[in-house]
Amino acid sequence: MAGTCTNGLDIGFASLNYLQVGILGIVQGITELLPISSTAHMRVVPAVLGWRDPGSAFSAAMQLAALVAVVSYFWRDVRGVAVGSVAAMRRRDYNHQSFRLGVAILLATIPIGIAGIALSSVLNACDSPLRSLNVIGVSCLVMAALLALAEVSCRHQRTVGDMRLRDALIVGVAQVGALIPGVSRSGSTLTAALFMNFKREEAARFSFLLGLPAIALAGLKELWTLFHAHIPLEAWSILLFGIVVASVSAFCAIWGLMRFLEKFSTWPFVIYRAALGVFLLVGVNMGMLH
């Protein structure tokens with residue numbers, strides 16, 4: 001197999017076999033849509049097992065699996081927004097809920113779109129400092145603290161139907177934090193929605209719907225970048241296999257998360273993230289992880 005750095009792009013996944021990518025696909029699919037950071041796990045699992053880091057290009061392209069899962073699970077919502085927005089524009093009914101939600105989704109995408117383009121050369125570079133385990137560990141601890149604060153200080157009363165454009169912009173700004181490995185896109189947007197007093201399951205729904213364009217753009221942009229990097233055919237085959245596996249596990253993750261949040265709080269995720277952050281920082285500084 002060719003080297004794992006092509007035209008300055010980290011394609012570490014190309015050196016992995018199908019079993020390894022299948023395992024990482026399951027992990028990626030689950031952690032991409034839970035508020036625990038897929039990027040953290042894409043660094044931790046290979047580090048613990050002694051595998052090559054699959055690289056940020058792998059993580060970004062695998063977001064297409066999350067896109068498939070979210071659209072499939074929330075198909076009624078997605079179709080309602082699309083059809084309802086078109087119908088509302090024809091009637092010039094710009095206060096219609098579907099139209100407002102459609103505008104909100106687009107508005108929330110602007111901040112991360114701008115930031116993603118500005119930072120793409122750093123995020124996807126070989127041996128990017130942002131993918132260091134120390135950075136990911138600190139990010140996990142910070143997000144655990146913020147999610148805990150949201151749990152204890154907010155009322156959890158609002159629904160997606162109560163959403164305002166200001167709410168979408170705030171969640172969109174919070175989504176920019178997901179560019180830092182360890183923060184988590186779903187974690188940052190879910191936390192922001194909780195701070196605005198959304199119910200837990202509604203905050204998750206809000207997070208997933210507002211993240212659709214960002215997930216799609218990130219995944220498609222990475223595929224375009226990989227195409228122009230002229231990676232080997234075998235690497236494409238491995239990547240496609242990972243996306244298929246991740247799509248199935250991501251759908252299962254959404255199904256489980258929505259039912260969990262209907263009955264329970266996010267405290268298990270707070271504890272898990274804090275423990276993961278401590279594990280990473282201790283492991284790196286004691287020489288157990290590299």
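Only one entry in Ile105, Ile110 is farther than 27 Å from Phe251 by Cβ and within 18 Å of the chain's Cα centre (by Cα), namely Ile110.
Working only within segment 237-290, note down all residues that are in a helix (DSSP H, G or I), small (Gly, Ala, Ser) and without any contact (Cβ under 8 Å) to a residue 60 or more places away in the chain. Those that are in a helix (DSSP H, G or I), small (Gly, Ala, Ser) and without any contact (Cβ under 8 Å) to a residue 60 or more places away in the chain: Ser237, Gly256, Ala275.
Within segment 225-237, the set of residues being at negative phi, modelled with pLDDT under 90 and of a type outside the set (Ser, Thr, Tyr) comprises Leu226, Phe227, His228, Ala229, Ile231, Pro232, Leu233, Glu234, Ala235. For segment 233-285, what are the residues that are out of contact with any Ser or Thr (no Cβ under 9 Å at 6 or more places or on another chain), among the aromatic types (Phe, Trp, Tyr) and more than 30 Å from Arg155 (Cβ to Cβ)? Across segment 233-285, the qualifying residues are Trp236, Phe241, Phe279. The listed residues are Arg158, Arg185, Arg131, and the only one of them that is of a type in the set (D, E, K, R), touching a strand residue (DSSP E or B) at 6+ places or on another chain (Cβ under 7 Å) and surrounded by 19 or more Cβ atoms within 10 Å (Cβ to Cβ) turns out to be Arg158. Confirm whether Leu19 is buried (at least 22 other Cβ atoms within 10 Å of the Cβ), modelled with pLDDT of 85 or more and of a type in the set (A, V, I, L, M, F, W, C). For Leu19, the condition - buried (at least 22 other Cβ atoms within 10 Å of the Cβ), modelled with pLDDT of 85 or more and of a type in the set (A, V, I, L, M, F, W, C) - is not met. When segment 207-224 is filtered for residues that are at pLDDT 90 or above and closer than 19 Å to Gly256 by Cβ, the ones remaining, listed by number, are Ser207, Phe208, Leu209.
The criterion of at least 1 residues that are charged (D, E, K, R) and more than 16 Å from Phe269 (Cβ to Cβ) is met by the following helices (runs of 4 or more DSSP H) wholly inside segment 156-228: 165-176, 200-228. Could you tell me which residue of segment 248-290 is modelled with the lowest pLDDT, considering only residues that are surrounded by 17 or more Cβ atoms within 10 Å (Cβ to Cβ) and over 21 Å from the mean Cα position of the chain (by Cα)? In this case the residue turns out to be Leu289. Restricting segment 7-50 to residues that are in contact with a Gly (Cβ under 9 Å, 6 or more places away or on another chain) and free of Cβ contacts under 8 Å to residues at least 40 places away in the same chain, which is farthest from Ile254 (Cα to Cα)? Among them, the one singled out is Ser15. Being farther than 15 Å from Leu147 by Cβ and more than 10 Å from the chain's Cα centre (by Cα) is the filter here, so list the residues in segment 164-180 that pass it. Answer for segment 164-180, where residues must be farther than 15 Å from Leu147 by Cβ and more than 10 Å from the chain's Cα centre (by Cα): Arg164, Leu165, Arg166, Asp167, Ala168, Leu169, Ile170, Gly172, Val173, Val176, Ile180. Among the residues of segment 39-52, just one is charged (D, E, K, R) and either surrounded by fewer than 20 Cβ atoms within 10 Å (Cβ to Cβ) or at pLDDT 85 or above (or both), namely Arg52. Looking at this structure, is Ala60 surrounded by 23 or more Cβ atoms within 10 Å (Cβ to Cβ), more than 16 Å from the chain's Cα centre (by Cα) and either assigned to a helix (DSSP H, G or I) or modelled with pLDDT of 90 or more (or both)? No.
Among residues of segment 214-247 being surrounded by 17 or more Cβ atoms within 10 Å (Cβ to Cβ) and not aliphatic (A, V, I, L, M), the one that is farthest from Ile26 (Cα to Cα) is Thr225.
The values are calculated or read from the model by the stated rules, or taken from the named source; none is laboratory data. Computed from a prediction, not measured in an experiment: that's the story for all the values here. Don't worry about glycine lacking a Cβ; one is built from the backbone with ideal geometry, like all the others, and counts go over all protein chains shown.
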